[in-house]
Amino acid sequence: MAVMGVNGSGSRMTTLLRVSAVSRAPVFTAISLLTTGAVLVGAVLVSGCSTAGAEAAANKRVVQITAAENFWGSIAKQLGGSHARVISIIANPNTDPHSYEPTAADARAVASARLAIENGVGYDPWMSRLLAADEGEHISVLNVGAAVGAPADGNPHRWYNPADVRTVIAKLTADLGKADPRDRGYFAKREANLLTVGLRRYHSLIATIRHRYAGTPVGASESIFAMLAPALGLRLITPASFLKAITEGTEVSAADKQTIDNQIARHQIKIYVYNSQNVTPDVKAQLAAARAAHIPVASITETMTPPTGTYQAWQIRQLRGIAAALATAEGHHT
């Protein structure tokens, strides 16, 4: 085409062609960039959809658990790990589980659960009512009392019985595996870790106390300790009727109070264990009498403290307190 520019117009044609070629270059570049951008955006969108899909699939493998009390919730959380989300309704140490009035939020928590845990044995009847009122999908329910074979009128404080705790751990692991079969092996590994590592110190302290102080007569303020004392090998001699009356908030008989007063005055008990969350006037009087008689005291609580801790950390702290009281009593005796 440049050959055509023999006259003056050829030069102008050449110039026009060059300008045209230059002016079209940015257009081609822009089209190329737009095409590349579209591909990149498409790739990002595909990648985003893939990630969202993976997250959705993962979320389906997270078992929603609602526990009536946080001590069972703590164990469930340790067994479920990353494949469980646990809500504990009773988490405030100042809340009385016996007289608790559930809220609308509690009802929603139960309705959204795939697995619910209730203590049973008359301890948390409000949980049974929440479960009965739910009209959603079927919820698998672990009733602790039924799982351990406790009688309907038995002692409800099963979390203070080490053998019952082990039974609940096994049952919870099985229920998690049913709710999420693909992660059954994962739950089994977490169960083994909880039993051999998480609860090692808990079981070690129980064995040590039982070995050293088996048969030691002790007193207590209520029936939560009646679940633990046999495991420790201690001989709880406080009248069972007194323990039950304090636990249930009913009238204490004069005969029971006289019996306990005599046990303290005559040093028939070596330590006195009381529930620091339920210090009634009768218990307060017994604590004062025990301290005046130089009988060591140890405290325990009905619900987990602090609420953000773990079941075993709570129990270990209390076992150490009991062991210290027993050691002090032994020193006084010698």
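Observations on the structure shown:
- Annotation for the range 170-180: at least one member residue is surrounded by fewer than 16 Cβ atoms within 10 Å (Cβ to Cβ) and free of Cβ contacts under 8 Å to residues at least 12 places away in the same chain.
- Those residues of the range 236-245 which are farther than 21 Å from Ile295 by Cα and either among the hydrophobic types (A, V, I, L, M, F, W, C) or loosely packed, with under 15 Cβ neighbours inside 10 Å (or both), in sequence order: Ser241, Ala245
- If you check Val63, Val121, Val141, Val86 for being closer than 25 Å to Ile246 by Cα and among the aliphatic types (A, V, I, L, M), only one passes: Val121.
- Contact map, the range 316-334: first residue at pLDDT 95 or above and open to solvent by less than 30 Å² (accessible area, probe 1.4 Å), second residue among the aromatic types (Phe, Trp, Tyr) and part of a helix (DSSP H, G or I), Cβ cut-off under 8 Å, separation 6 or more or different chains; pairs are Ile316/Tyr202; Leu319/Tyr202; Leu326/Tyr213.
- Selection over the range 301-315 of residues that are open to solvent by 60 Å² or more (accessible area, probe 1.4 Å) and closer than 19 Å to Ser221 by Cβ gives a count of 0.
- Residue that is farthest from Gly154 (Cα to Cα), among those in the range 212-235 that are among the aliphatic types (A, V, I, L, M) and open to solvent by less than 10 Å² (accessible area, probe 1.4 Å): Val218
- Scanning the range 58-72 for any residue that is over 17 Å from Arg129 (Cβ atoms), among the small types (Gly, Ala, Ser) and either in a loop (DSSP other than H, G, I, E, B) or open to solvent by less than 10 Å² (accessible area, probe 1.4 Å) (or both) turns up nothing.
- Residue match in the range 259-268 (condition: more than 18 Å from Trp159 (Cα to Cα), in contact (Cβ under 8 Å) with a residue 40 or more places away in the chain, of a type in the set (A, V, I, L, M, F, W, C) and surrounded by 15 or more Cβ atoms within 10 Å (Cβ to Cβ)): yes
- Answer from Val252, Val197, Val218, Val165 - the residue that is assigned to a helix (DSSP H, G or I) and either among the small types (Gly, Ala, Ser) or touching a helix residue (DSSP H, G or I) at 6+ places or on another chain (Cβ under 8 Å) (or both): Val165
- Here Glu137 fulfils each of the conditions (1) open to solvent by less than 50 Å² (accessible area, probe 1.4 Å); (2) at pLDDT below 95 apart from (1).
- Of Ala298, Ala292, all but one fail to be without any contact (Cβ under 8 Å) to a residue 40 or more places away in the chain and either open to solvent by 30 Å² or more (accessible area, probe 1.4 Å) or among the hydroxyl-bearing types (Ser, Thr, Tyr) (or both); the exception is Ala292.
The values are calculated or read from the model by the stated rules, or taken from the named source; none is laboratory data. Note that the structure is predicted; figures quoted are calculated from it, not measured. We place every Cβ from the backbone using ideal geometry, glycine too, and count neighbours over all the protein chains shown. Heavy atoms of the whole protein, side chains included, go into the accessibility calculation; ligands, DNA and RNA do not. Shrake-Rupley method; radii C 1.70, N 1.55, O 1.52, S 1.80 Å.
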